[in-house]
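Below is one structure; the comments refer to it alone.
The values are calculated or read from the model by the stated rules, or taken from the named source; none is laboratory data. Source: prediction; values computed, not measured. Using ideal geometry, Cβ is built from the backbone for each residue, glycine included, and neighbour counts are taken over all protein chains shown. All accessible areas refer to the heavy atoms of the entire protein, side chains included, with ligands and DNA or RNA removed. Shrake-Rupley method; radii C 1.70, N 1.55, O 1.52, S 1.80 Å.
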Amino acid sequence: MHARAGGGILLLTAAACLAAAWRLVGVVRADPEIRWAERVDHYDRARYAGLADILPPYGVIGYLDDGGCDNPVQGYYLTQYALAPRLLVEDASRPWLLVNGRPDQRPLLPDGASLVRDLGNGVRLYRRGVR
Amino acid sequence: MTAAVLALVPPVLAGYLLACWAWPARPGPRGVLLRLALAVGLGLGMSSLTYFLWAVAAGPRQPGLLLAEGLLFGTLSLAFFCAGREEGESPLPASRHERLTPPVRGACFVVLACAAASCAWQFVHDPHGDWDASAIWNLRARFLYRGGDPGTDVFSPLIPWSHPDYPLLVPASVARGWVCAGHETTAVPRLIAALFLAATAALLMAALTLLRGSAQGGLGGLALLATPSFLEQGTAQYADVPLAFFFLAGAAAFEALDRGAAAPRRLAALAGLLAALAAWTKNEGLLFLVATVGVRGLRALRLRPGWKPLLAETAAFTAGALPALAVLAYFKLRLAPANDLLAGQGREATLARLADLDRYRIIAGAFLGQIFLIGPGAVVVLAAYAFLLGRAPRVKGRWQAHSGTLLAAMLAGYFVVYLTTPNDLPSHLGTSLDRLLVQLWPLALLAFFLTVATPGETWGEPAQTGRRGPRQALLSPAAPKTPG
């Protein structure tokens, strides 16, 4: 019985030490998630800087991805995160329309919308019903 | 940031005194560790409730929150302090004084150090957490803090991918921290994530130490801290580890009650509060609440304790759960949109899903595969450990299966949720099952180390012999203590 119990504890502690060390090494050596953190920071601080004063403080804003992010879903989520508590919906017919595009791309001009602000980084804000 | 930390003191102090009032334990490090761990969860849970009510009633950044909270938690602290604490302790087996020898304790410290270092690395290098932190939990915190209209914006169904029906313990705690800090900072969600990670590990160790002895407590903590997925979900700033904390705490309270702890009604009330806070953390917590009630009903059927103790326990559990459940009911009934999983049900569609045998096969396969991936391979190691150590001696006429039965009920509940999900099944499994199992992992370890024999029990030697023998290679007896 002594050998069995001792073996059990040795097995458990050895496996635990290996798993813990393996994870530590893996976390430190892994392809850093820093890219994700940088992307969140970029959307949070830089990409939409200058829009906060123009956009209404809350309410619904239309959102259109036009190649602004290599992962459109991610771009949409991060835009929502940056601009909360405004609600961003993927609907180009809204009075306010935010286009997340690329700076080298020819600007997309939605029907009946006028350009309010072009941030120069591919982000353009349009508004309908205003001359 | 200092202000955010200081603002946690009143609710955590109230949580500590509540834990002292409810959970009997003799003074000493293990009792302090247990109560500190409980205090973190209770403090964060209670302050998230008060912040949510304040935000809805007065506005998210109205001055006076801290004053109102100070009064409330001060009164609560005074009430629990005056009500006194239970100094008795549940009757514990002889193994309570088993101590792991320095080499095994050294291994525990290695695991603890590796876990702390890897978590610290992730908190520093990934301050925003993982994907869902920005898409769900911290996004909702921003809505609360930045002051969207709760009636239209904060819980709007227009962005269903952000799951606006999810309960608010984590987002409200983060928003409250920002209010106290005076600005948005990633330090607050990181602090909350770190507190729940540490509290869950500490609670598992302390609860096992109190219920089954120091050796079992150390080994349980070792197993949890060596589980990569648990640490990953914790540092991701999701709500799954906070939920795991409340699952564990609620189950441990009933385990103490079932093992003859003093003040069973207070423990039942504490278990009720913890189960309700689980429901306030994530929707899965509602399932936990129902499963807990079901398991207690099963215990009553098995043991037939009589109506009086059963009613007393049920009344205390309900009283403990009521405050948090009332806030949750207000949120769910007045503010939150319908849950996507429930809204997608219909008589014919649900019956068709239930009758589809392929779905059972897919879900069972995914469960088995994902369970094996915890660790990975942790279940294999634990199975071998259980085979070598054997089963703990059973006490006749005592219900010692609360955690295990609860775990089985939760797994069955999750199985049914997947069975009836209106979403694409493989995708739903692929994006959520790993997190659901992490929620249950600390509870599973509690059940496991309560069920498996302690090293001393396997050796068949009394723990208080003080003799030097072969067991000294891994265990050493502590100085004898006088119980009670």
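Data for the structure
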{"quantity": "Backbone N under 19 Å from the A:Ala46 label point (7 Å along Cα→Cβ), restricted to the range A:104-127", "calculated": "A:104-105, A:118-124"}
{"quantity": "Chain A - convex hull of the alpha-carbon atoms, volume per residue in Å³", "calculated": "147"}
{"quantity": "Largest-first ordering by accessible area, 1.4 Å probe, given options B:His428, B:His128, B:His183", "calculated": "B:His183, B:His428, B:His128"}
{"quantity": "Kirkwood hydrodynamic radius (C-alpha pairs) into Stokes-Einstein, the range B:1-40, 4 °C and 1.567 mPa s, D in µm²/s", "calculated": "123"}
{"quantity": "Paired Rg and Dmax values of the protein assembly as shown, which use every Cα atom, in angstrom", "calculated": "25.7, 93"}
{"quantity": "Computed Kirkwood radius, in angstrom, where 1/r is averaged over Cα pairs of chain B", "calculated": "23.1"}
{"quantity": "Averaged over B:111-119, number of beta-carbon atoms from partner chains that fall within 10 Å", "calculated": "5"}
{"quantity": "All aspartates and glutamates inside 18 Å of B:Lys332 as judged from Cα atoms, apart from same-chain residues fewer than 8 positions distant", "calculated": "B:Asp149, B:Asp153, B:Asp165, B:Glu284, B:Asp340"}
{"quantity": "Share of Cα-Cα pairs in the range A:1-65 lying beyond 13 Å, as whole percent", "calculated": "79"}
{"quantity": "B:Phe387 accessible area, 1.4 Å probe, all protein chains in place, Å² to nearest 10", "calculated": "140"}
{"quantity": "Helix runs (DSSP H) in chain B reaching 30 Å along axis by Cα, Kyte-Doolittle at least 1.0", "calculated": "B:29-57, B:102-125, B:187-212, B:307-330, B:425-451"}
{"quantity": "Shielded by partner chains, the range A:1-19 residues - at least 40 Å² of accessible area, 1.4 Å probe, vs chain alone", "calculated": "A:Met1, A:His2, A:Arg4, A:Ala5, A:Ile9, A:Leu11, A:Leu12, A:Thr13, A:Ala16, A:Cys17"}
{"quantity": "Accessible surface, 1.4 Å probe, highest first, among residues A:Val99, A:Val28", "calculated": "A:Val28, A:Val99"}
{"quantity": "Distance histogram in 5 Å bins (all Cα pairs of the range B:144-203, percent per bin)", "calculated": "4, 17, 20, 21, 18, 12, 5, 2, 0"}
{"quantity": "Length added when fully stretched, B:Ala120-B:Tyr360, from 0.36 nm per residue minus Cα-Cα", "calculated": "82.4 nm"}
{"quantity": "For residues of B:153-166, the mean tally of beta carbons on other chains within 10 Å", "calculated": "3"}
{"quantity": "Distance from the range B:264-295 to the range B:236-259 (C-alpha centre basis), Å", "calculated": "9"}
{"quantity": "Residue order for A:Glu38, B:Glu98 - accessible surface, 1.4 angstrom probe, largest first", "calculated": "A:Glu38, B:Glu98"}
{"quantity": "Mean ellipticity per residue at 222 nm, deg cm²/dmol - from DSSP H runs of n ≥ 4 across the protein assembly as shown, formula -39500 (n - 2.57)", "calculated": "-20500 deg cm²/dmol"}
{"quantity": "Cα pair distances in the range B:278-366, grouped into 5 Å bins until the bin that holds the longest one, percent each", "calculated": "3, 10, 14, 15, 15, 15, 13, 12, 4, 0"}
{"quantity": "Inter-label distance, nm, simple model (7 Å from Cα along the C-beta direction), B:Leu67/B:Thr101", "calculated": "6.3"}
{"quantity": "Projected-area mean, the range B:145-288, by convex hull of Cα positions, square nanometres", "calculated": "10.3"}
{"quantity": "Inter-site label distance for A:Ala14 and B:Ala79 at 7 Å from Cα along Cβ, in nm", "calculated": "5.5"}
{"quantity": "Peptide-level mean, for B:220-230, of C-beta atoms on other protein chains within 10 Å", "calculated": "4"}
{"quantity": "10 Å binning of all Cα-Cα separations within the range B:313-454, expressed as whole percents from 0 upward", "calculated": "9, 27, 31, 25, 8, 0"}
{"quantity": "Segment B:Trp307-B:Ala326, length gained on full extension (0.36 nm per residue, minus Cα span)", "calculated": "4.2 nm"}
{"quantity": "Rg in Å to one decimal, and Dmax rounded to a whole Å, for the range B:222-326 via C-alpha atoms", "calculated": "14.8, 46"}
